[in-house]
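Just so it is clear, none of the values below were taken in a lab; they were calculated from the coordinates. Keep in mind the model is a prediction, meaning the values are calculated, not measured. Backbone-built Cβ (ideal geometry, glycine too); neighbour counts: all protein chains shown.
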Amino acid sequence: MPRIMAFDYGTKRIGIAVTDPLQIIATGLETIHPKDSVAYLQKYLAQEDVCCFVVGEPRRMDGSHSDVERQIKGFLSLLNKHFPHIPIERMDERFTSKMASSSIAQSGLKKSDRQSKELVDTVSATLILQSYLEKKAHGF
């Protein structure tokens, strides 16, 4: 079965997570610079089968889109242009960065590793993907 890949998009970094081939477990994969996204995905997709992209949808507490949504729309266009055969789903990502930071703080990593913004982005992508898998499992 093909994998599902999720993105926590930021203007400086994109956290990436993927499922195992059975689409049961979400695992952090990498953090890349947005300008490297197409080349990275082309290389990854040459080796792995991916059936769906899940892109985090940042929203404010009132439900409106956050300021980064405009840049995410550009990223979505890029994905559609270069990988038109892979459908894109959106997933609410409210609180994922805070949850990621909390998980990292409790992980036992040394302080310098816990403060890594790249690690926060990768864990955030993993949380987005895990939420998507749970939603999918419950038929929402």
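Listing for the model above:
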| quantity | calculated |
| --- | --- |
| Candidate aspartates and glutamates for bridging to Lys136, where Cα separation is under 14 Å - those fewer than 8 sequence places away on the same chain excluded | Glu89, Asp92 |
| Modelled label reach - Asp92, point 7 Å along Cα→Cβ, the stretch 1-44 residues with backbone N closer than 17 Å | none |
| Taking Glu30, Glu93, Glu48 and counting other C-beta atoms within 10 Å, the order from fewest to most | Glu48, Glu30, Glu93 |
